[in-house]
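Please read the structure below before turning to the comments.
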Protein chains: 2
Amino acid sequence: MHEHQCTPGKSLRLDSTSTKAKAFRDDRESTEREFEKLRAELIELQRKLYAEGKHKLLVVLQAMDAGGKDGTIRTVLRGVNPQGVHVESFKKPTEEELAHDYLWRIHRSVPRAGMIGVFNRSHYEDVLIVRVEKLVSKSVWKSRFDQINEFEHMLSETGTKLLKFYLHISKQEQAERFQSRLDDPRKNWKFSTEDLQKRKKWDDYMEAYEDAINLCTTEWAPWHVIPSDQKWYRNFAICRIIVEALGELDPQFPTATIDRSQVQID
Amino acid sequence: MHEHQCTPGKSLRLDSTSTKAKAFRDDRESTEREFEKLRAELIELQRKLYAEGKHKLLVVLQAMDAGGKDGTIRTVLRGVNPQGVHVESFKKPTEEELAHDYLWRIHRSVPRAGMIGVFNRSHYEDVLIVRVEKLVSKSVWKSRFDQINEFEHMLSETGTKLLKFYLHISKQEQAERFQSRLDDPRKNWKFSTEDLQKRKKWDDYMEAYEDAINLCTTEWAPWHVIPSDQKWYRNFAICRIIVEALGELDPQFPTATIDRSQVQID
């Protein structure tokens, strides 16, 4: 069990949980070297996962704006065979999605056997932005925590390993990243004034995240709260947890079911 | 226009089209160095394609078994952000897919704006295996060439750039790759005795491929026949064509629509 993994029934406070790498690692260079080794392991484990076609891995990424979801995907999964990874970015629901229950579009996108599925945002938005922006009534979003736990329980029992990550950044770090999105022409497209509106409700979001994390940390799908102000630590920590989880699944290249001596290639 | 790009109206014979790299490049090392440069360009171009969210790129891969479709995806797209790539592997149609027209599952899977879609097999199976194995009548598969051209025409006119590749290997090369799948425990899972049945019909498949290539090479979606006995050349040639196509689309990071001086990050 991991230093960043939450424990069912044990309440966590985000404002007393560090966003800084230094609390865990003080040597950036050695951490980056370890990360490169872990990446190589991930690439190898994924090949076996895909070849075996037995397990499903679902990585859920949640964070405040500029928290590093996109960067995590780009950096941690760099080099993994794209044939074995499916990234689903959940945006504002479409009319058709809204006409169904909130888990409908989620369920459609869970990974098939052998695949790594990555959710960039997820069903947790339905107890986060939906709650803070009062898009549904309190009784509705409150009922969702149990529904989500039960949904994830079913996924887990039917062969999906769930890894949920909250990328924890400080309000100060978000300001610096927004500024860099304004200053860097390559990053302008990521900046939206809407994000500033959400920033004004920072405390409300932290409260909503705390509930999502505390109420949806289960034995089968615990949250991981990753100190994410330093990208080098965030990448290392997430990669390590994924590699360890895959290592426990222990995927194997399927062994031949054919008798080689009987095969004649003309 | 490329040396491997087919020309509408100009008939191509596969048995007089080389499967060997040496006909085009004699220096493997320098080709591999060029490939690495192209890969870096591809990674950069894809970031812009995704950021801009305007164009769609669809890469179609077809080949005989062991022709190198999986290896191409793994090698050429290594390092490209998996968030911007969606690989769809078309297998034997499901009951639901068969209950629809053959382009139904294809159309559902075309890339959205900003994305690179990769088809590992495609609608072309409906004029290849379906024809050779006589799964539909001749009049049915014959009508499909025009239907496919019209479908691809619509895709092209509505903003999808299509790149179709036939990975051309010799019958001898296939035998060696099958043998290596038998010999290498990491590759056993890829071997199927069904593939040997298809190998027996090699000439029928070549005829079907020739028709698919000749009848479905259009101005808007020409085929590329890639000499693929040498993987290092295949990877280089395909990567170069993709990079050139993206270069012509010339994606740009969107410029800011906001007045920076008006933005206050509190």
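The values are calculated or read from the model by the stated rules, or taken from the named source; none is laboratory data. Quantities reported herein were computed from a predicted structural model and do not represent experimental measurements. All Cβ positions, glycine included, derive from the backbone under ideal geometry; neighbour counts span all protein chains shown. In case anyone asks, the SASA skips ligands and DNA or RNA and just uses the protein heavy atoms, side chains included. Shrake-Rupley method; radii C 1.70, N 1.55, O 1.52, S 1.80 Å.
For the protein assembly as shown, the share of DSSP beta bridges that are antiparallel, to the nearest 5, is 5%.
Let me check something: with ligands and nucleic acids excluded, how do A:His168, A:His86 order by accessible area (1.4 Å probe), largest to smallest? Show your work: numbers first, answer last.
Values: A:His168 10, A:His86 50 Å².
Of A:His168, A:His86, the descending order of accessible area is A:His86, A:His168.
Across the residues of B:46-52, average count of Cβ atoms on other protein chains within 10 Å? The mean count of partner-chain Cβ atoms within 10 Å per residue comes to 2.
Does segment A:73-231 classify as rounded, prolate or oblate by the C-alpha gyration tensor (a ≥ b ≥ c root eigenvalues; a/c under 1.5 gives rounded; else a/b over b/c gives prolate, otherwise oblate)? In terms of gyration-tensor shape, oblate. Taken as Cα centroids, segment A:163-182 and segment B:6-27 sit 52 Å apart, rounded to the nearest whole angstrom. Near B:Lys164, the amide H atoms lying under 5 Å from its own belong to B:Val60, B:His224; only residues 5 or more places off or on other chains count, and H is placed 1.01 Å from N.
The heavy atoms of B:Asp70 present about 40 square angstrom of accessible area, all protein chains included, probe 1.4 Å.
Put a dot 7 Å past the Cα of A:Ala256, heading toward its Cβ, do the same for B:Ser170, and the two dots end up 2.5 nm apart. Over 24 Å between Cα atoms: which of A:Lys69/A:Lys190; A:Lys92/A:Lys198; B:Lys134/B:Lys171; A:Lys92/B:Lys92; B:Lys69/B:Lys138; A:Lys10/A:Lys231 fall into that group? Checking Cα-Cα distances, A:Lys92/B:Lys92; B:Lys69/B:Lys138; A:Lys10/A:Lys231 exceed 24 Å. A:Met154 sits with roughly 70 Å² accessible to a 1.4 Å probe, with DNA, RNA and ligands left out of the calculation. Evaluating 6.51 cos²θ - 1.76 cosθ + 1.60 at θ = phi - 60° for every residue in segment A:215-222, the Karplus couplings come out as 7, 10, 9, 10, 4, 8, 8, x Hz, glycine and proline recorded as x.
Counting every C-alpha pair in segment B:1-57, the share spaced more than 12 angstrom apart comes to 79%.
Could you tell me which trypsin sites (Lys or Arg not before Pro) in segment A:157-266 are loop residues by DSSP with no more than 14 other beta carbons within 10 angstrom of their beta carbon? Provide the component values of the computation, followed by the final result.
Numbers: sites: A:Lys161, A:Lys164, A:Lys171, A:Arg177, A:Arg181, A:Arg186, A:Lys187, A:Lys190, A:Lys198, A:Arg199, A:Lys200, A:Lys201, A:Lys231, A:Arg234, A:Arg240, A:Arg260; in loops: A:Arg186, A:Lys187, A:Lys201.
Listed in order of number, the matching sites are A:Arg186, A:Lys201.
Amide hydrogen proximity for B:Phe253: with H placed 1.01 Å from N in the peptide plane, no residue at 5 or more positions away or on another chain lies under 5 Å. As an equivalent ellipsoid, segment A:1-112 spans semi-axes of 28, 23, 15 angstrom, where each value is the square root of five times an eigenvalue of the C-alpha gyration tensor, largest first.
With label points set 7 Å from Cα along Cα→Cβ, the inter-copy distances at A:Glu244 are 4.9 nm, sorted shortest first. Counting protein heavy atoms only, the protein assembly as shown has 47 percent of its accessible area on carbon and sulfur, 1.4 angstrom probe. Segment A:70-93 to segment B:112-143: how many Å between their Cα centroids? That distance is 28 Å. Annotation: per residue accessible area for chain A equals 47 Å², rounded to a whole number [probe 1.4 Å, protein chains only]. Here is how far apart the A:Glu207 label points are across copies: 7.5 nm, shortest first, using a point 7 Å from Cα toward Cβ. At the residue level, A:Tyr102 shows approximately 40 square angstrom of accessible surface with a 1.4 angstrom probe and all protein chains present. Spacing of the modelled spin labels on A:Arg33 and B:Glu3, each 7 Å from Cα toward Cβ, amounts to 4.4 nm. Treating each Cα of the protein assembly as shown as an identical point scatterer and ignoring solvent, apply the Debye formula and state log10 I(q)/I(0) at q = 0.06 Å⁻¹. Evaluating at q = 0.06 Å⁻¹ gives log10 I(q)/I(0) of -0.33.
Of the beta bridges DSSP finds with both residues in chain A, what % are antiparallel, to the nearest 5? Antiparallel bridges: around 5 percent, rounded to the nearest 5.
Loop only by DSSP, 14 or fewer other Cβ within 10 Å of the Cβ. Give me the GluC sites (Glu not before Pro) in segment B:131-219 that pass, ordered by residue number.
Details: sites: B:Glu133, B:Glu150, B:Glu152, B:Glu157, B:Glu173, B:Glu176, B:Glu194, B:Glu207, B:Glu210, B:Glu219; in loops: B:Glu133, B:Glu219.
In loop regions of segment B:131-219 (DSSP not H, G, I, E or B), the sparsely surrounded GluC sites (Glu not before Pro) are B:Glu133, B:Glu219.
Size of segment B:221-266 from its Cα atoms: along the principal axes, largest to smallest, the extents are 60, 24, 11 Å.
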